[in-house]
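None of the figures in this text is laboratory data; all of them are computed from the coordinates on show. Predicted, not measured: the structure shown is a model, and the values here were computed from it. Heads up, the Cβs are rebuilt from the backbone with ideal geometry, glycines too, and the neighbour counts pull from every protein chain shown.
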Amino acid sequence: MASSNTELISTNPATGEEIARVAITSMQELDAAVERAWQAFHHSGWKELLPHKRALVLNKIADGLVAEKESLARLQMADNGKPLGECRGMVESAIGTFRYYAGVCETLETDVTPSRGDYVSFTVLEPFGVIAAITPWNSPIMNDATKVAPALAAGNAVLLKPSEDSPLLGPELARIALAAGLPKDLLQVVQGRGADVGAALVAHPGVRMVSFTGGTTSGRAIARVAGDKLIPTALELGGKSPHVVFADADREHAVAAVVAGIFGSAGQSCVAGSRLFIEERIYDEVLAQVVARAKTIRVAAPDADGVEMGPLASFHHRERVVRFVDRAREEGGRILCGGEVPTGGVFDQGAYYPPTVIDGLGYDAVSCQEEAFGPVLVALPFKDEADLIAKANGTAFGLACGIWTESFKKAWRIGRALEAGSVWINTYKQSVTSTPFGGFKNSGIGREKGIDGMKLYAQVKSMYFGLHEQPLAVAK
């Protein structure tokens, strides 16, 4: 991705070829978009629409995504380099998200609260108004839907800002939503760099709530602005997730999950299992199996037959991953596989990087503390449960973790002790729209997905109906 002051240039990371130019939203255009969003919020009738009728529109948006599934998947493949099969899965996820929140919209209940006097009290949910939804480049259509669907279901207008590195899917979603019957200007897309357009969107006085997925540094900056404005935020940030293999684990399944958990999506996933903890007595054996499997991963063009890993999402991101591995070397890490930019054939054209496994580092090394967001796995031994818990919790992050053991009691103890928003036991990287998702510590604030993922975009209003027979007294 390159850019000028007026446009973003989308480059196919598999080929290095320019595929599109997208106009950057000016500050005047941003102001106008916010004004149109408020006009749509107040005058389109969307927030007053009965929930089951809102649900019909959300389901029609899902139908539109179904009708264009293949073209959307191929567009995402060109925009950020994910293998085609994975891109198809991302569109399926977006479809499921709109269908899920159509169901939630139609069936969500609020509370009739116990009264302590001559009144009936209950709660209702009210939309905030205009929501800023800022999404990352790694899974555009899926992340867009995760924010847009519940925010619309709750009755809001949404300004969606995609990453400058993947600007092509957001406008397609807005187009499909409009064709499905969503009122005009209720979903708009603004384009540009996060430091410019994103920052202006967050700071805009017309934005009443911000939902952001991305890096922790950006999340902190957003939180500071939101704090000054006294508006709520949902922040889904980075991770350095521990993936733990105990000696009693199902070895075949554990090794397969470790490899899939870090090298799926080329490691460009917030929940990637980037720190592998192996019990000391099986460390060498399991690590050798992981390395052997990593060496067999088919890295190829994203639409090639049998591809398991495509290029990284951009050339500048690959440079970041290269620097991360170089630093691990400087810290004394041993590169057991990968660790060099591949050459020859398609590798000379695209932003490819091989599956890389590193060991020999202390758990407090910078490479074990910071997120590579690429296909880089750091392996570490542990002696016992206490040693594991201390090391696994010894980062600023707390997004996810994986535990492999045949002992239910051990899994329960470790799962409760690890500081993570999602715990996978004898599986990894499972995700479903109906289950809340978010992090502990520097991995974020708030929970997306699930029923609470719609409540995230609404304000609770308490209502009281008086039943008293006598006029109220000044004092009792």
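Rounded to the nearest 20 debye, the dipole magnitude of segment 242-425 is 200 debye, with +1 charges on Lys and Arg beta carbons, -1 on Asp and Glu beta carbons, and the Cα centre as origin. Packing, taken as the mean count of other beta carbons within 10 Å per residue, orders the peptides 227-233, 167-173, 149-155 from highest to lowest as 149-155, 167-173, 227-233. Determine the distance separating the Cα centre of segment 166-204 from the Cα centre of segment 367-383; give it in Å without decimals. That distance is 35 Å. Normalising the average separation of contacting C-alpha pairs (under 8 angstrom, six or more residues apart) by the number of residues puts the relative contact order of the chain at 18 percent.
Residues SER26, SER93, arranged from fewest to most other Cβ atoms within 10 angstrom of their Cβ, appear as SER26, SER93.
Which of rounded, prolate or oblate describes segment 386-452 when judged by the alpha-carbon gyration tensor and an a/c cut-off of 1.5?
Note, shape of segment 386-452 comes out oblate.
If the only charges are +1 at each Lys and Arg Cβ and -1 at each Asp and Glu Cβ, what is the size of the charge dipole of the chain around the Cα centre, to the nearest 20 debye? Mind showing how you got there, number by number?
On the way: 47 positive and 54 negative charges, 180 e Å.
The calculated dipole for the chain is roughly 860 debye.
Debye calculation, C-alpha points only, no solvent: report log10 I(q)/I(0) for the chain at q = 0.14 Å⁻¹, in the same order as the q values. Ignoring solvent entirely, the Cα scatterers give -1.35. Calculated mean residue ellipticity, 222 nm, the chain: -12000 deg cm²/dmol, from DSSP H runs (n ≥ 4) at -39500 (n - 2.57) each, averaged per residue and rounded to 500.
A simple spin-label model places the labels of GLU109 and VAL474 4.4 nm from each other, with each point 7 Å out along Cα-to-Cβ. The residue list THR433, VAL22, LEU65 was ranked by how far each Cα lies along the charge dipole of the chain toward its positive end, using unit charges on Cβ atoms, and THR433 comes out on top. When only alpha carbons are used to place a centre, segment 214-248 and segment 1-78 end up 24 Å from one another. Phi-derived couplings, Karplus 6.51 cos²θ - 1.76 cosθ + 1.60 at θ = phi - 60°, listed residue by residue for segment 215-229: x, 5, 4, 5, x, 5, 4, 5, 4, 5, 5, 4, x, 5, 7 Hz, with x used for Gly and Pro.
A straight line joining the Cα centroids of segment 423-476 and segment 95-140 runs 8 Å. For segment 77-91, putting each phi into the Karplus relation 6.51 cos²θ - 1.76 cosθ + 1.60 with θ = phi - 60° gives couplings of 4, 6, 6, 9, x, 5, x, 4, x, 5, 5, 4, x, 5, 5 Hz, in residue order, rounded to whole numbers and with x for Gly and Pro.
Is segment 242-425 rounded, prolate or oblate when judged by the Cα gyration tensor, a ≥ b ≥ c being the square roots of its eigenvalues, rounded requiring a/c under 1.5 and prolate requiring a/b larger than b/c? Here segment 242-425 falls in the prolate category. Extension gain, ILE19 to LEU49, is 6.8 nm, computed as 0.36 nm per intervening residue step minus the present C-alpha separation. Pairs over the 25 Å Cα-Cα cut-off, from the set LYS409/LYS429; LYS147/LYS409; LYS240/LYS429; LYS147/LYS184: LYS147/LYS409. Scanning residues 5 or more positions from PHE382 or on other chains, those with amide H under 5 Å from its amide H are ILE278, GLU279, GLU280, with H placed 1.01 Å from N in the peptide plane. Sorting TYR352, TYR101 from the fewest to the most surrounding beta carbons within 10 angstrom yields TYR352, TYR101.
Of GLY306, VAL130, SER443, which is farthest along the charge dipole of the chain in the positive direction, counting Lys and Arg as +1 and Asp and Glu as -1 at C-beta? Of the options given, the answer is VAL130. The residue among GLN268, GLY345, TRP412 whose Cα reaches farthest toward the positive pole of the charge dipole of segment 242-425, with charges on the beta-carbon of Lys, Arg, Asp and Glu, is TRP412. For ALA234, the residues 5 or more places off, or on other chains, whose built amide H falls under 5 Å of its own are VAL210, SER211, PHE212. Per-residue Cβ neighbour counts within 10 Å put LYS60, LYS449, LYS161, LYS295 in the sequence LYS295, LYS60, LYS449, LYS161, beginning with the fewest. Using C-alpha pairs below 8 Å separated by at least 6 residues, the relative contact order for segment 351-476 is 17 percent. Between ALA199 and SER431, the simple label model (points 7 Å from Cα in the Cβ direction) yields a spacing of 2.8 nm. Close amide H partners of GLY421, meaning residues 5 or more places away or on another chain with modelled amide H under 5 Å apart, are LEU399, ALA400, PHE440.
Please report the orientation-averaged projected area of segment 227-272, defined via the convex hull of its C-alpha atoms, in nm².
The orientation-averaged projected area of the Cα hull of segment 227-272 comes to 4.9 nm².
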